[in-house]
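Here is the structure we will look at, set down as structure tokens.
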Amino acid sequence: MAKGLPGEFELIELLTRNLTLPSSVLKGPGDDCAILDVGGDILLLLTCDSQVEGVHFRFDISTPEEVGRKAMTVNQSDIAAMGGEPRYALVSLIIPEHIPLEMLERVYAGLREQAGRFSTAIIGGNIAGAGKGEQLIIDITLLGSVERGHVLTRDGAQVGDSVFVTGLPGEAVAGLFTYFHPDYDYPQAERDALRAVLRNPVPRVREGRILSQSGPHIVTSMLDISDGLSGDLRHICEQSHVGARIDIDRLPITPAMQAVASAAHANPLDWALHGGDAYELLFTVAPGHEATVLQALQAEPQLPVTRIGSIIPASEGMLIHWPDGREEPLAPRSWDHFMSTE
């Protein structure tokens, strides 16, 4: 843990607890985006995120273009998690002296490419020198929009709701594991496939837009799981004042994850439950609406959508349900900027 600092989420709460918010701010700190009401039929969504060299990316793992694309993806994913469209971006770069111009141009090319994939306009930003710092920092502020009555937040889950997740959580962190532990005899094709997932995340903007059309009375809560499924599920539980039961056998474990885990004598369930860098959507659906929601998502047939559990009373906490009927507490773990990664 960073010296003298609490964990990341505790620090956010500490620093923002006395903020005075005007009535036009429908939601401030504590969700994927702030929500602004400026009148009319559209709500504005605002998010910002920083990518720090050596913390969030490394040039010996990712190309400069991949670094730029991921920096934009992280912010687009926050807008997606509220059901919105990412519209306008401000990009700031804090640049160390050793970074060559050609590398910066390639990073920015990746930023532009990813912005264009979802009609996000880069409209400005800032450039500053890093002084004695050795790390490139990419900081993005992104403005999005969503129709009034269709924004999805973390605080609406109800007992009896079903819990769903898009995609294949755990693949990205499995790919990262192979970089940090290169000496195992991984099957090459599976290793390379997982590394590609890590380096090329996809924000689920289209899926978020589809889900938002159902409205919060059907899709009762949603967030992205960039910090890990279990840790982000905890955010839904805390803000909705509920518990959750995860059916462990429903977690999607791909053959590639299983093969890499077997080579490393690791448990792929740990990656699926707790691994970060997964820009997937975790959402809850009101009882009786599951089939309708899944049918709507079939517009993206290549993307798996899996029911992994249910919402239960807060008094029961967060639980893992095993196929043999056993249940045990689910201890959430997630990425924390101020916790040691060792």
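Coordinate-derived values only; no laboratory data. Just so we're clear, the structure is a prediction, and the values are computed from it rather than from any experiment. Reconstructed Cβ throughout: ideal geometry from the backbone, glycine too, with neighbour counts over all protein chains shown.
Using a Förster distance of 25 Å, how high is the FRET efficiency between Leu19 and Tyr88, based on the Cβ-Cβ distance and rounded to 0.05? Don't skip to the answer; put the middle values down first.
Working: r = 24 Å, r/R0 = 0.95.
The value I calculate is 0.55.
Taking 0.36 nm per residue of sequence separation and subtracting the Cα-Cα distance, how much length would be gained by fully extending the chain between Arg307 and Asp37, in nm to one decimal? Please report the intermediate quantities before stating the final value.
Working: separation 270, 0.36 × 270 = 97.20 nm, distance 3.30 nm.
Contour length minus Cα-Cα distance gives 93.9 nm.
Would you be so kind as to identify which of His289, Asn200, Ile312 lies farthest towards the positive end of the dipole of segment 162-329, taking Lys and Arg as +1 and Asp and Glu as -1 on Cβ and the Cα centre as origin?
The listed residue farthest towards the positive side: His289.
Starting from 0.36 nm per residue, how many nanometres of slack lie between Tyr179 and Leu26 once their C-alpha separation is accounted for?
Details: separation 153, 0.36 × 153 = 55.08 nm, distance 4.18 nm.
That works out to 50.9 nm of additional length.
Determine the dipole magnitude for segment 162-329: charges of +1 sit on the beta-carbon of Lys and Arg, -1 on that of Asp and Glu, nothing else is charged, the reference point is the Cα centre, and the result goes in debye to the nearest 20.
440
If a/c stays under 1.5 just call it rounded; otherwise compare a/b with b/c (prolate if a/b is bigger, oblate if not). Do that for segment 22-147, with a ≥ b ≥ c from the square roots of the Cα gyration tensor eigenvalues.
Values: a/c = 2.39, a/b = 1.95, b/c = 1.23.
Prolate, because a/c is 1.5 or more and a/b exceeds b/c.
Mind checking the dipole of segment 22-147: about its Cα centre, +1 per Lys or Arg Cβ, -1 per Asp or Glu Cβ, Debye to the nearest 20? Spell out each step's value before the answer.
Values: 9 positive and 18 negative charges, 18 e Å.
For this selection, approximately 80 debye.
Quick check: Cα centre of segment 225-257 to Cα centre of segment 149-223, how many Å?
Between the Cα centre of segment 225-257 and that of segment 149-223, the gap is 10 Å.
Over segment 20-86, how many percent of alpha carbon pairs lie in each 5 Å bin up to the one with the longest distance?
Over segment 20-86, the share of Cα pairs per 5 Å bin runs 3, 16, 22, 18, 14, 11, 8, 5, 2, 0 percent.
Using Cα pairs under 8 angstrom and six or more residues apart, how large is the relative contact order of the chain, in percent?
Numbers: 757 pairs, mean separation 75.8, N = 342.
Over the chain, the number comes to 22 percent.
Return the FRET efficiency for the residue pair Cys48, Arg148: r is the Cβ-Cβ distance, R0 is 22 Å, and the value is rounded to the nearest 0.05. Present the calculation step by step, with values, prior to reporting the outcome.
Numbers: r = 23 Å, r/R0 = 1.05.
Plugging the Cβ-Cβ distance into 1/(1 + (r/R0)^6) gives 0.45.
Which one, Ile35, Leu93, Leu14, projects farthest toward the positive side of the charge dipole computed for the chain from Cβ point charges (K/R +1, D/E -1)?
Of the options given, the answer is Ile35.
Go ahead and run the numbers for FRET between His265 and Asp60, Cβ-Cβ distance against an R0 of 35 Å, rounding to 0.05.
Efficiency at R0 = 35 Å is approximately 0.85.
Between Ala296 and Gln188, what length in nm is gained on full extension when 0.36 nm per residue of separation is reduced by their alpha carbon distance?
On the way: separation 108, 0.36 × 108 = 38.88 nm, distance 3.63 nm.
Residue separation times 0.36 nm, minus the Cα-Cα distance, leaves 35.3 nm.
So how strong a dipole does the chain carry about its Cα centre when Lys and Arg Cβ are +1 and Asp and Glu Cβ are -1, to the nearest 20 debye? Walk me through the numbers on the way to the answer.
Numbers: 25 positive and 46 negative charges, 114 e Å.
My answer is approximately 540 debye.
Only bridges whose two residues both fall in the chain count here: according to DSSP, what percent of them are antiparallel, nearest 5?
75
Running a GNM on the chain with Cα contacts under 10 Å, which residue among Gln302, Gln239, Gln135 ends up with the highest mean-square fluctuation?
Gln302
Going by amide H atoms built from the backbone, whose H comes under 5 Å of the H on Phe57, apart from near neighbours?
Val52
Amide H to amide H under 5 Å from Gly309: which residues, 5+ apart in sequence or cross-chain, H placed 1.01 Å off N in plane?
When sequence neighbours closer than 5 places are left aside, the close amide H contacts are Val163, Asp247.
Under 10 Å, Cα contacts only: if you run a Gaussian network model on the chain, which one of Lys132, Lys70, Lys27 comes out with the highest mean-square fluctuation?
So, out of Lys132, Lys70, Lys27, the one fluctuating most is Lys132.
Compare Val163, Val151, Val38 in a GNM of the chain, Cα atoms joined below 10 Å, and give the one with the largest fluctuation.
Val38
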